[in-house]
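A short write-up of the structure that comes next.
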Amino acid sequence: MKKLTVLLVALLAILLVACGSDEPETVEVPVEIGGGANSEADTAADDETDLGVTESMDEMPMVDPLNVTGDIIEAGSSTVFPLAEAIAERFIDEGYSGNITIDSIGSGAGFSRFCEAGETDIANASRPIRDSEVESCQAIDRDPIEFRVGTDALAVVVSSDNDFVDDVTFAELQAIFSTAENWSDVRSEWPDEPIQLYIPGTDSGTFDYFVEEVFEEDPEPMLSADPQMSEDDNVLVQGVSASPYAIGFFGYAYYQENQDILQALSIEGVEPSAESVDNNTYPLARPLFIYSDCSVMNDKPQVNDYINYFLTNVNEVINEVGYFPASDDALNQARDSWLNCNN
Amino acid sequence: MASEAPLAPTTRVDTSALDKKPRARETIIQALLFIAGAISILTTVGIVYVLVSQAWLFFSDQQVNIVEFFTGTTWQPRIGRFGVWPLLSATLMITTIAMFVALPAGLGTAIYLSEYAAPRTRARLKPILEILAGIPTVVYGFFALTFMTPLLQSIFGPQVQVFNTLSAGIVVGILIIPMVGSMSEDALQAVPDSLRQAAYGIGATKLETSLRIVVPAAISGIAAAVVVAISRAIGETMVVTIAAGSGPNFTLNPFEAAETLTGHIARISGGDLSYDSVDYNSIFALGLLLFVITLILNMISRRIVARFREVYE
């Protein structure tokens, strides 16, 4: 099933690229000239349009996937997986001729394959590396380098017709998504109407993350509440937006696209926004990373090029995948880390 | 199905005299026809084999208890709860609602077309009815979601959820009207005209003739049509996937969202389900259950045809 899905996604991606081939070309051509030749005029032009934010991006050499060969092995977080997959597909479409393997095995397992077995080139993670993991990496002479690639934030949403909820505590969130039957069971001033739940399906990473954060990894309470589930976020949007008494959650990016019919709730008083996600105050957000090591990157130029390509292109695909872009600072820091390895 | 049955016994002709010289072309055509028949039988055998073998894997899993399967009221594979009733109740509820729509409408259509409509009207209306049967079910699904549900919400108020079994049931009913109508009409048409003439002869009105003479005479065909329509409603997938809801919910409230057997199979198999997991095997068990239900209905329909068939020579 998984294989079939990947195949279908790949097919779709090829179709999409084929249909929209005019667009990326026009975007990339000027960058290629500017990045490769490092010409003064182009850099100046870039600075003007971007207000100088992407300073270090200009310093990264442009990768031409056509010239990249050799295999890349990447493993780790299932949350980073779709993002890495989207980048890899693009990398392959643009001419990369080696084999890239991406395993979706979870952040912890990804680190153990990277740090203990040393058999992968890149570890994907949806949490920062732990000290113990850094130690085991050092034991095999690897010094993990962190590259921030994005943020996974969940928005808890209600219909824009809902005029009684805008802020919930964690305890209320737990009650709403499990034992409470009616809204009035959660807060007495809320209406005496049944709560309708719309949540992502149990096979999704979003489901797992919510269960992990809100229910301490026990899916039972939420599933016992007979929620409506769908892998298709559109169905969830439809369900939530249709009734003032419905509530659901999904990736923030998806909420953004439907802001006109939905409203996102603040959690413990913190509203989900680019800022609160960046400074880690919004509780349902987690950073997405890829990790590698300078010596691996130096030994395997394809890994080096791939990470460069990843950092340069990640913001063009991240919304499609449904995540939140990392802040410019974090991304620049990642690019600096890459440059440090290449000096 | 029902209408072809009465013809079978009378059309056997003794062909032994013609069989003396085997002709090559005849043999080839016979073989081709045999293969055509065999394909559908072998496919059925293959489906049954896959369903049974995978369902066996499911039922022999440690997490699964066959008693819980048939009596449990929670279906959540993720937490090892495999009680089929939430799915089965939604299926039965939608089928019941559908039959409440399709039976009167379909039968009414059939009686009108067969007994009342002028031949020219009939010649025009019947193809239209059959076109209705050709509309893709995905269109019916969105019709339920974007037309029927808002309509119900405007009648019954906000207690009607955006996904609900009532809307899906009504639309499945509309979907099977042509099936009930067309098959019942065939059955009514098969009633010999002499019966109608006799009824008129003793002074019966047209309505009396239709309802008291023709419908009872055709009852086996009509009943068979109804049973086939029920199987169709139970098996209908697209409409319920789109409009009925996407989470198992054990309820008899038609305004609430609930997921049917078919809808659940469609949703789960579309997800990122890993092969050989108990969740994956569970969809085959559900498929087998659907298959058995349909099989039983088919047997009932054959029994009805055999039992109540009126033969007029």
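All of the numbers you see were taken from the coordinates with simple rules; none came from a lab. Keep in mind that what you see is a predicted model, and the values were worked out from it rather than measured. Note that each Cβ is placed from the backbone with ideal geometry, even for glycine, and that neighbours are counted across all protein chains shown.
Structure above, values below:
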{"read-out": "Between the range A:166-219 and the range A:300-336, the alpha-carbon center distance in angstrom", "value": "33"}
{"read-out": "For the range B:110-116, Karplus couplings with θ = phi - 60° (6.51, -1.76, 1.60), whole Hz, Gly/Pro x", "value": "4, 5, 4, 4, 7, 9, 9"}
{"read-out": "Distance between the range B:136-199 and the range A:248-296 - C-alpha centres, whole angstrom", "value": "45"}
{"read-out": "Length gained when the stretch A:ILE261-A:PHE170 is fully extended (0.36 nm per residue, less Cα-Cα span)", "value": "30.3 nm"}
{"read-out": "Inter-site label distance for A:ALA139 and B:PHE70 at 7 Å from Cα along Cβ, in nm", "value": "5.4"}
{"read-out": "Quarter of the Cα convex hull surface for the range A:84-160, i.e. its orientation-mean projected area (nm²)", "value": "7.6"}
{"read-out": "Between the range A:113-128 and the range B:55-72, the Cα center-to-center distance that results, in Å", "value": "39"}
{"read-out": "Radius of gyration and Dmax over the Cα atoms of the range A:152-278, both given in Å", "value": "13.2, 37"}
{"read-out": "Computed [θ] at 222 nm, deg cm²/dmol, the protein assembly as shown (DSSP H ≥ 4; -39,500 (n - 2.57); rounded to nearest 500)", "value": "-17000 deg cm²/dmol"}
{"read-out": "Ratio of the Cα radius of gyration of the range A:76-235 to 2.2 N^0.38 Å, where N counts its residues", "value": "1.33"}
{"read-out": "Listed residues B:PHE69, B:ILE222, B:PHE156: farthest to the positive end of the dipole of the protein assembly as shown (Cβ charges)", "value": "B:ILE222"}
{"read-out": "Rel. contact order, % - alpha carbon contacts under 8 angstrom, at least six apart, the range B:71-308", "value": "28"}
{"read-out": "Taking the range A:112-177 and dividing mean pair separation by its residue count, relative contact order in percent (alpha carbons under 8 Å, at least six apart)", "value": "23"}
{"read-out": "Charge dipole magnitude, Cβ of K and R +1, D and E -1 - the range B:104-229, Cα centre, debye nearest 20", "value": "220"}
{"read-out": "Sorted peptide list for B:191-204, A:145-158, criterion being average Cβ within 10 angstrom, highest first", "value": "A:145-158, B:191-204"}
{"read-out": "Total charge dipole magnitude, chain B, about the Cα centre, Cβ charges on Lys, Arg, Asp, Glu only, Debye to nearest 20", "value": "780"}
{"read-out": "Cα Rg, Dmax (largest Cα-Cα span) when computed across the range B:164-211, Å", "value": "16.5, 51"}
{"read-out": "Estimated inter-spin distance, B:ILE39 and A:ASP185, nm [label 7 Å along Cα→Cβ]", "value": "5.5"}
{"read-out": "Compactness of the protein assembly as shown, expressed as Rg and Dmax over alpha-carbon positions, Å", "value": "31.7, 108"}
{"read-out": "Extension gain, B:LEU295 back to B:ARG25 (0.36 nm per residue minus Cα-Cα distance, nm)", "value": "93.5 nm"}
{"read-out": "Computed Kirkwood radius, in angstrom, where 1/r is averaged over Cα pairs of the range B:71-308", "value": "19.3"}
{"read-out": "Cα→Cβ-extended label distance, 7 Å offset, between B:LEU252 and B:GLN62, nm", "value": "3.9"}
{"read-out": "GluC sites (Glu not before Pro) within the range A:240-317: DSSP coil, no more than 15 neighbouring Cβ in 10 Å", "value": "A:GLU268"}
{"read-out": "Sequence-distant residues sharing a close amide H with A:GLN196 (under 5 Å, placed H)", "value": "A:ALA246, A:ILE247"}
